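The values are calculated or read from the model by the stated rules, or taken from the named source; none is laboratory data. Bear in mind the structure is a predicted one, so any value in this text is a computation, not a measurement. Keep in mind that these areas ignore ligands, DNA and RNA; they rest on the heavy atoms of the full protein, side chains included. Shrake-Rupley method; radii C 1.70, N 1.55, O 1.52, S 1.80 Å.
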Amino acid sequence: MCRKAIKTLLSETGRAQTPQRVQKLAELSSLVIKSCPGIPQEDKDMAMGVLKSITSKLDQLDMSNPSTVESVGGSLVESVGSLLEEPQRDAEEVYGKPAPDLEEEDQSLSPKERLEKAEEKEQKNQAKKRRLVQESQQVLDGLYNTIIGAMRPGAPPITIKRGGIALRAQKVWGDQFGDQVVQTEGGSFHVPSKAALFEDYTPHSVAIKLTQFQQNPFTWGHGEYQARSSVMELSLQQINIPVTFSNLTEDFYITIPGGSGNKPATTIITFPAPGNASSSFHLFQLNNTAEGFLVTITPLNKSVIYGVLGSYDGRPDDQNYNVSMETYVLPEECALMKTLSGDEDTEKREATMFVSGEDGPVEYYIKVQIRGPVTECDFEKKDDAKESHADDSYAYQIQWARLSCVYWSETQEDWSTDGCAISKQSTISSTICHCNHLTAFGSDFATPPNTFDFGELNFSDLVDNVAVVATIIAAFCLYSSTTAVVTIAERRGKKMLHHAVKLDNLQNGYLYRLLIWTGAAKHAGTESTVSFKLFGAATNSDVRVVDITEKVFTQNSQVTLTFSTAEQLGNVELLQLMHDSSGEGGRASWNVDRAAVQDLTTGKLFYFFCGEWLAADRGDGQVVKTFPVATEQDLRSFGFLFPASLRSNLAEEHLFLSVAIMPEDSAFTRSERLGCCLSLLLMSMVSSAMWLREEIGTEVVQAVSLGPFSFTLNGVYTGVITSITCLPVIMAIVLLFQYSRPSNKGDRRVRDVETGGPAEAPAQQGPAKRLPHWCKYVAWVLVVLSAVGSAVFTALYSLDWGKEKSERWLSAYFTTFLVDMFLLQPAKILLLTILTSSIRKPQAVQKIFEEKRGPVSIDARTMSSQKAGFSWTQ
């Protein structure tokens, strides 16, 4: 309906000839576009065509009439705002149009080719965003030009605020222009003097255009900075021609409203017991004059004076500093007395400083120290003073946020800071910038992770702060011992689970391949002699006996049987499996999980669900069973795909669990998986330390209980940010291990059992294209660097925190880690399995019945059914 409505509007705007009809179409367009959220890109293009067509006909309207401006202009601005809202998201499933078919993804692409394909797709999306924003600006420019063309100099300004966009138009006399404020409700531009703008020339009149976007429309820049605030753009025109300003002698003062979600980072610093060090240092790094840190320090002890010193490029002391202030919380009696006398000094309750950057990279140090008891009130009792200093520790809260002034560079198509400086009057809710040019401006907001000063650390405290260090050492010891056990177990108990068996000389006219998967139950394998028969639509095969010395039908094994027939069977309809119970004890029975038959002449595949015991002492006591071919509906059923895919995904995707239950043929070995586990554990520890946030001790924090686990929203936040921080590195390591070719050193060659041709290299599992083998060494280097580096920095953080805070963090970290490993990761795998079983059904079936070849083919001695001792009935 939305698409039809937009198409109708597009055709109607081309025929609109009267002002009334243009005005009505503008109002209808706003109603339609606003009522259709998530418009696909092609429909956005049509809708933008409607708005451009309406804009081209605005000269037919009387734009000096305020009601017309409000009606038509408001509708156009609201339509543009609706189209620009979240431009990176396009609901491709709206109006019955299906999403891109994930099943068409080429699984043979190498990681490099997939990355190039993803980059190409991202570039196309960026081009769409760029075109949409440019056309939106054309619509707003056309509306502004029509309004300003009907306005006389000195007339009251016109402001249209709709759909998250504010457009202000004003025309002033040239001799009255300069050193004035142009503002909207939330932001403003303070214009330089006329002499700075036009030197000795006085224009007749100046047209002013101010546009404010509540959401950043320029989202395709990928530089260091982003505008996380409203975006404001000022344009000055003479005779309908925009005037360009750059490198002015006076700056534009720009007030930019901050983002609604901007919240500073918060942490609590605890001093050791009295008698030890009673000061701490904080390090902040700035790159240029457009950056600044807003830092607030709040005491958490009463009756204690905290001194705050600040200094560039060096730790401040009592003689060397450029900022010095004090902060304290008065005792209740003293605070009450000062309140009653009317001279309460509330500014002392916290120390706030704004640290601005300089022309180049600079480091700023803040020192917080204990200066002694509060002595403001004469009636304060000595007992109170003693009590205030008898605490086990001192504590204060520090909050910080980095604010940056950024502008949109149209030439570089990125957010930049050149030519701008941030004002010390900036706050979390409002950033004030000084810039010597005009373009679109915004503010960047960031909360960098905790930093510490290495010069402050006392390594002798390791003895008293042993919990974190002991945990790190235990992690390395556990990794070493587990690696040794896994390596020894793999060498001693390594068994081939995938065998290729050739049942005859393959000289008959039609070749077939039968794949049989033995189940994972205890004693599922058999040492009995196995036979089978295929029933086809055209004819049936003979009974074929797998008579070989080597026992291939072992637990969890896959056996590929290749044979030939004199006649083509046609579509295979039944598979009959049997054995002679000649195995000893529990090895006489056989549990068959599934099977597949491939006609190598036509390439057709036939699948069979088995899942039964062929045993005299188990199940129904039968050793001969017939299984019908699985239909298309059977293969695509959720009841079959879900449990099979879940087993496969758990063995492959759960990093820790896969060490024990990984597929035996996987090129991603157990040792490599253990290395990834160690890297993930230690990287998550240092990331958790970097992003640590603490609740204030005096606040009541609501905890959420989930079974034996209890955690706060703050802990959930830290866990999420920690996962995001670790993800790129651990993904790179895992992908390098997974997609690197295994070494061919020592591999035996494989004979093509279908053709009997010469030996060739073993078939590689996974994608057809792989990375070079040396990439595995790169992955091991990343494992070592990430593990050792993370361990060192985690230990340094623990030294910076002290014993009490380190132990509290360690306890909270392991709670979060266990929740992630045993709840969140299985939930993620469960969701992935549901999606795979519901959407990517052909890929799921292909993976479940994927053939995995052994290193050599085995020639079997073909036997007749009578020799095998079977009585066969048809």
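Amide H to amide H distances under 5 Å link V243 with L236, Q237, Q238, where only residues 5 or more positions off or on other chains count and H is placed in the peptide plane. Heavy-atom accessible surface of Y607, to the nearest 10 Å², is about 40 Å², with a 1.4 Å probe and all protein chains retained.
What a 1.4 Å probe finds exposed on region 226-272 is 51% carbon and sulfur by accessible area, rounded to a whole percent.
For E135, the accessible area of its heavy atoms, probed at 1.4 Å with every protein chain present, is near 40 square angstrom.
When S35, S53, S404 are compared by accessible surface with a 1.4 Å probe, the order from highest to lowest is S35, S53, S404.
Could you work out the Rg to Rh ratio of region 160-303, with Rh taken as the Kirkwood radius (inverse of the mean 1/r over all Cα pairs)? We get a ratio of 1.14 for region 160-303. Rg and Dmax of region 504-549, both derived from C-alpha coordinates alone, stand at 13.5, 40 Å. Backbone amide hydrogens, once placed in the peptide plane, bring S193 within less than 5 Å of D179, excluding anything fewer than 5 places away on its chain. At 10 °C and 1.306 mPa s, grab the translational diffusion coefficient of region 401-453 from Stokes-Einstein with a Kirkwood Rh over Cα pairs, rounded to a whole number in µm² per second. Diffusion coefficient, whole number: 131 µm²/s.
Heavy-atom accessible area with a 1.4 Å probe sorts S278, S75, largest first, into S278, S75.
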